[in-house]
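A.B. asks: Pasting a structure below so you can have a look.
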């Protein structure tokens, strides 16, 4: 009458990347142990390790780079590391949220939603 929870299955980084590809993400190897993952105009860079972690926050693709979401009090903007800014639209913010949640699910990361 004792119930045991199934042990969590440990997946390798390569298996996580395959799951991301199966979910429709484009996966591109970068120098070192980093990987760029993109879909529908949004991208992020993650690093290989025991648990995948963000190297660059997920954001919109601008001029070949990743524009991070920044808050200027009255409005949110996409800002590239070079300093280029673009106002963030509501549809882009919703798409970013979908991108993050789908990627977390594909990589087996914890999602609080």
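A.B. asks: Take the conditions within 15 Å of residue 95 (Cβ to Cβ) and either modelled with pLDDT under 90 or not in a strand (DSSP E or B) (or both) and apply them to residue 50. Does it pass?
C.D. replies: Spelling it out, it is not the case that residue 50 is within 15 Å of residue 95 (Cβ to Cβ) and either modelled with pLDDT under 90 or not in a strand (DSSP E or B) (or both).
Here is a yes/no grid of residues against (1) within 19 Å of residue 80 (Cβ to Cβ); (2) in contact with a strand residue (DSSP E or B) (Cβ under 7 Å, 6 or more places away or on another chain):
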| site | (1), (2) |
| --- | --- |
| 12 | no, no |
| 27 | no, yes |
| 37 | yes, yes |
| 40 | yes, no |
| 56 | yes, yes |
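A.B. asks: Residue check, residue 33 against (1) more than 11 Å from the chain's Cα centre (by Cα); (2) more than 16 Å from residue 17 (Cα to Cα), all met but one. Which one?
C.D. replies: (2)
The values are calculated or read from the model by the stated rules, or taken from the named source; none is laboratory data. Model, not experiment: these values are computed from the prediction. Please note: Cβ atoms are built from the backbone with ideal geometry, for glycine as well, and neighbour counts cover all protein chains shown.
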